[in-house]
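S.K.: First the structure, which I've put down as structure tokens, then a few questions once you've had a look.
The values are calculated or read from the model by the stated rules, or taken from the named source; none is laboratory data. It should be emphasised that the depicted structure is a prediction, and the values quoted were computed from it without experimental measurement. All Cβ positions, glycine included, derive from the backbone under ideal geometry; neighbour counts span all protein chains shown. These area figures cover heavy atoms from the full protein model, side chains too; ligands, DNA and RNA do not enter into them. Shrake-Rupley method; radii C 1.70, N 1.55, O 1.52, S 1.80 Å.
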Amino acid sequence: MWGGRFAEGPSAIMREINASIPFDKALWRQDIRASKAHASMLGAQGIVSKADCDAILGGLDQIAEGYARNGVPEDWDLEDIHMTVEARLTELIGPAAGRLHTARSRNDQVATDFRLWVRDTIDELDSTLGQLQLALLNQAEAHADSIMPGFTHLQTAQPVTLGHHLMAYFEMIDRDRDRFNDARTRLSMCPLGSAALAGTGFPIDREATAMALGFAAPTRNSLDAVSDRDFALDFLMAASQCALHLSRLAEEFIIWASQPFGFVRIADSLSTGSSIMPQKKNPDAAELVRGHTGRIIGCVTSLMITMKGLPLAYSKDMQDDKPPVFEAAGLLELCIAAMSGMIADSTFNTARMREAAELGYATATDLADWLVREADIPFREAHHITGAAVKRAEADGVALDQLPLSVLQEIDSRIDDGVFKALSVDASVASRNSYGGTAPDQVKAQIAAAKERMGLKQ
């Protein structure tokens with residue numbers, strides 16, 4: 001490729017450090033799609049003859065069929081996927097292949113291919129995230145009134161329903177899908193035709209190539225177009241936030257599946273055993289989701305550091321933009337699949353969850369609220385009275401609603417037997433009927449609304 005400028009070929013070191021074909025071959029579908037759009041535009045503009053255009057398009061289709069069947073060959077002397085495709089096209093159709101690169105550079109070529117790849121990946125991830133949401137919805141609907149302890153600081157706080165808890169993750173994933181879609185909207189500008197950095201003198205039709213490739217418009221500045229990787233960083237930021245949510249969900253399952261909790265039984269297909277302890281059933285899939293999150297966050301850092309000091313326009317450092325994006329996308333897809341399977345196939349021990357809620361003084365706030373509402377006591381005073389009641393229940397080894405009325409009246413004489421209607425976990429959960437609350441009716445309403453947003457049948 002460099003014979004017209006260099007007397008000698010690259011050294012073995014240069015050949016190895018310069019070649020990107022081992023990883024950018026993943027762009028072959030996008031490269032051929034963009035090349036076909038470019039060739040069609042060149043033909044329509046009369047820049048390339050109809051005969052040569054037809055030959056190029058036919059050759060590109062042949063290459064696509066071969067790569068789909070046999071994979072992409074790695075010839076490091078050809079450096080990257082762009083020259084690999086062009087070299088194969090030359091083998092198939094001869095010198096006419098050399099006309100394909102008219103009015104473009106590898107700089108705008110790779111910027112276009114990479115945007116197409118990220119866009120395709122966002123669409124695939126959106127579909128898999130929808131499946132995760134569906135798994136959450138199904139379990140939430142089955143457990144809309146299954147009572148469990150809600151936690152703050154990993155200490156029992158107030159009783160909630162399992163359905164309400166799972167729907168919290170539905171909302172997180174909803175935001176993740178929004179972030180990916182926002183990233184998709186921003187990347188929908190086509191760099192093709194920006195050439196190396198300054199545009200081209202050929203009478204090209206950039207609107208035509210942008211439309212052919214499904215972009216909203218061509219990019220407005222050729223320097224920015226070839227040097228911009230914001231779309232990749234947007235993708236990685238969204239991927240990192242999504243991975244954080246998956247990691248939190250995985251952590252909950254790890255805790256819940258432990259023997260002291262015993263809230264959930266994870267399917268055998270997503271668990272492993274121990275090489276020495278026969279009784280062990282380890283939540284390794286959840287732990288690996290938690291671990292992969294660190295790697296995905298590392299991918300963001302990698303690309304940010306690559307880009308932070310680069311002047312306009314293109315620099316070879318930018319060849320390192322793709323490995324972190326490819327790695328993060330692959331890891332995230334695996335994590336989503338693992339958590340979707342875990343949610344769908346897990347069995348919840350609702351009796352154990354309810355027992356934990358009843359034993360954790362989770363209705364203490366309900367006692368304070370009752371004192372405010374029924375005895376007209378300021379909340380701070382009610383808080384103090386309730387604290388004394390919890391201390392007495394702990395000393396006696398009973399739940400709050402098992403304290404005799406006489407004992408409660410020793411703590412404060414204004415308490416009457418109506419308080420017991422507020423102290424059960426069922427009453428507590430049912431009372432949290434504000435919009436977005438944990439009352440079963442509210443949970444069912446949110447599930448119905450979520451199904452409607454997703455276009456699911458009720």
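S.K.: In the range 12-30, which residues are over 25 Å from the mean Cα position of the chain (by Cα) and open to solvent by less than 50 Å² (accessible area, probe 1.4 Å)?
M.R.: Within the range 12-30, 18, 19, 20, 21 qualify.
S.K.: Looking at 285, 337, 344 in this structure, which one is surrounded by 20 or more Cβ atoms within 10 Å (Cβ to Cβ) and either without any contact (Cβ under 8 Å) to a residue 24 or more places away in the chain or in a helix (DSSP H, G or I) (or both)?
M.R.: 285
S.K.: Any chance the range 155-164 includes a residue that's part of a helix (DSSP H, G or I), touching a helix residue (DSSP H, G or I) at 6+ places or on another chain (Cβ under 8 Å), open to solvent by less than 60 Å² (accessible area, probe 1.4 Å) and over 30 Å from residue 329 (Cα atoms)?
M.R.: The answer is yes; a qualifying residue exists.
Every residue, every condition in (1) closer than 30 Å to residue 137 by Cβ; (2) in a helix (DSSP H, G or I); (3) open to solvent by 50 Å² or more (accessible area, probe 1.4 Å); (4) out of contact with any His (no Cβ under 6 Å at 6 or more places or on another chain), yes or no:
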| residue | (1), (2), (3), (4) |
| --- | --- |
| 296 | yes, yes, no, yes |
| 321 | no, yes, no, yes |
| 329 | yes, yes, no, yes |
| 354 | yes, yes, yes, yes |
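S.K.: Please verify whether residue 46 is out of contact with any His (no Cβ under 8 Å at 6 or more places or on another chain) and part of a helix (DSSP H, G or I), treating the condition exactly as stated.
M.R.: Spelling it out, it is not the case that residue 46 is out of contact with any His (no Cβ under 8 Å at 6 or more places or on another chain) and part of a helix (DSSP H, G or I).
S.K.: For residue 256, all conditions in the list (1) in contact (Cβ under 8 Å) with a residue 24 or more places away in the chain; (2) open to solvent by less than 20 Å² (accessible area, probe 1.4 Å) hold save one; what is the number of the exception?
M.R.: (1)
S.K.: Here's another thing I want to ask about it. Taking only the range 353-371 into account, find how many residues are within 37 Å of the chain's Cα centre (by Cα) and more than 10 Å from residue 389 (Cβ to Cβ).
M.R.: Qualifying residue count for the region: 11.
S.K.: Let me ask something additional. With 426, 369 as the choices, which residue is at pLDDT 90 or above, farther than 25 Å from residue 262 by Cα and acidic (Asp, Glu)?
M.R.: 369
S.K.: Look at the range 225-239 and say how many of its residues are in contact (Cβ under 8 Å) with a residue 60 or more places away in the chain, open to solvent by 10 Å² or more (accessible area, probe 1.4 Å) and more than 16 Å from residue 109 (Cβ to Cβ).
M.R.: Here the count works out to 2.
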